[in-house]
Each structure stands twice: as C-alpha cells, then as structure tokens.
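The values are calculated or read from the model by the stated rules, or taken from the named source; none is laboratory data. None of the values given here were measured: they were computed from a predicted structure. In this analysis, Cβ positions are derived from the backbone assuming ideal geometry, glycine residues included, and neighbour counts consider all displayed protein chains.
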C-alpha cells in the first residue's frame, strides 16, 4: 500500500504494480462471463474504494473545495471556473477516471487530510495521465465508461447549484461510477442500460459499505439496477461467420446419447458434455419431470431430474438466454449445483 499526498506521487506505484488482465480481442457470450472472467480481476479492492470514498466525502466538507467536472460548452480542460454561487470547479476529460482506477487498483491510499492536494493535482487531460499514475486500463485494452452520465445538455454552469456541482464531481471521479468495458464497440455497449444496470447491481454488492452514500451524492437512480437476472449476450470482434462456426462447435459439443446407451438402470435418460455447467432446453424440456439427465464438465458430472432443475434453477428457466436461445452457461459452478455433483463409477484397475 502506497500513501500519497499528491496525485503525482501515485506514479511511484509503477515499480510494484499489479498486472492488469488484458481485455479479450473478441468476445461472444454472456455479459456475466465477461464480468467474472475479465472485469472482476481488474477492479479495485473494496477496502481501497471505501478509503477513497471516505476521504472524498471528508474533502467535500472542507471550505471551498475544488471540484473536477467533465468539460461542457464554454469551458476548457484544466481551467478553473466559478458558478454564480461561488462554487469552484476545474474542467476535465475522462482523465480523473483513468487516474482513480489506476491508483486504487494498485492499492494507493490518500493520506489523511490530503485529498484536496490530490484533487488539485489529478490530471485534467488524458495526455497528462501517464505522468501522474501507474499503467492504466487503457493500456490493457479497456475503456472506462460511466454507470451514470457525467454530463448532459445542461451546460449553463454559472447557474448550477452546489448540489449539482457535487453530483457531477462524484460521477466524474468516484470509482463506483467507473465501469470497465473492452475498447471495441464500447460506445454501443456503454450506452446500453442493461449493461450499466448489470454493473450497478454488481457494484452495489461489491462496494456495499459505500454504495448507498455514493448513490445519494451522485443521484444514481436505484431503478438503474434493473438488469439482475438477465443474461445479456455481449458480442464484439466476432463476425457472423464466426458465430455460425461457434454454433456448429456447440452442436458438436453436445453428445446426447440414446436412452438405451445412457440409461443407468433406466434412471438417467440423457447426458451431454460441455466445457462448463450448461443447461440446454432442447435436451431437458422433452423429459418427464422424474427423468434424470447428466451434464459432464471438466469440473465434474452433475445429475438431476427435470423437476429438480426447474425447482432449484428456476432463475435459469426464466432467463432470456434459456427461453429464447435455449441455452444457459454458468461462468463458474454455483453453490446450488453442489448437491447434484456425482461420483462416477470408474473401472477397477486391471479390468
């Protein structure tokens, strides 16, 4: 952990920096998988975010704090302005978000009482970032989008009330509003409210200690957290031909045996292999409620009846992916699947 008094001091963390996981060049799959496999390893730890949040809130209570706001019409990056109420702000681009993510990911902490100097020396322009912080997510193929918009059509800054300035400031610099997205097509996905809603739901759990106060200061609508339970198909860098080939590969992956081949004492009537725990409607739904199926994965073999699947994995049955595409993938084995993990019989040695 590195304690800093100015933003520039964060640059020294480059000597002991954690490595960012690079964004995949192409992706076609559930947003949940992208989030768990590639985004979570690149997120600041909850303790780092909590410390930064507390320092930020304390700073807002000091006399005449300088706020960092996204540039609007009539302002220039790096210049300081005042509202008619005398509230000061400096205009910036996305540089504060890059700095905040890079610093907190490297476990940089703001020294007690130093947030004012840190804010004053944060980069206001993307060209200034490399001189003030460790390697950024940009270098690993990521873009920092925002869960709640950092600017809108309300550009007459002179009439902004203090609460409006604080709201814009928090949205600009607070890590709870920063969402990593792969660079390809980030504009499209960053504007998708299902994506930002999904991220907000996950952040509310990950950063639970500070989320409510952040949401209050940033005026983040709780309704934005509406994508929980959806399986969003996130795709970029993949051609139609690639998707067609993937469909063929998935069909080859499915090794559905005949009832007589797979039945074990007439109990298990269907089984298939998959690279992870996967539920396929075409296999499961034709079964009777008491008929059993198996899913063979690298993490083990799972066996259950159709009725058990519908009861225990009701969220899967209701998901858009299962209902419309006929398939649901888990990025990792959920706790609910543990009772259905079986020990397969193995032939005795020498047989």
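Details
- Among residues of the stretch 66-82, those that are part of a loop (DSSP other than H, G, I, E, B) and either free of Cβ contacts under 8 Å to residues at least 12 places away in the same chain or under 16 Å from residue 121 (Cα atoms) (or both), counted: 4
- Whenever a residue of the stretch 87-100 is at positive phi and not assigned by TED's automatic domain parsing to the domain that holds residue 67, it has no partner that is in a loop (DSSP other than H, G, I, E, B) and buried (at least 21 other Cβ atoms within 10 Å of the Cβ) lying with C-beta atoms less than 8 angstrom away and at least six residues away or across chains.
- Selection count, the stretch 327-351, where residues are at pLDDT 80 or above and outside any helix (DSSP H, G or I): 10
- Top-ranked residue of the stretch 24-56 - restricted to ones that are at pLDDT below 95 and touching a helix residue (DSSP H, G or I) at 6+ places or on another chain (Cβ under 8 Å), ranked as surrounded by the fewest Cβ atoms within 10 Å (Cβ to Cβ): 26
- Given (1) touching a residue at least 24 places away in the same chain (Cβ under 8 Å); (2) within 19 Å of residue 174 (Cα to Cα), index of the condition residue 40 fails: (1)
- Filter result for residue 85 (in contact with a strand residue (DSSP E or B) (Cβ under 9 Å, 6 or more places away or on another chain) and either outside any loop (DSSP other than H, G, I, E, B) or farther than 24 Å from residue 210 by Cα (or both)): no
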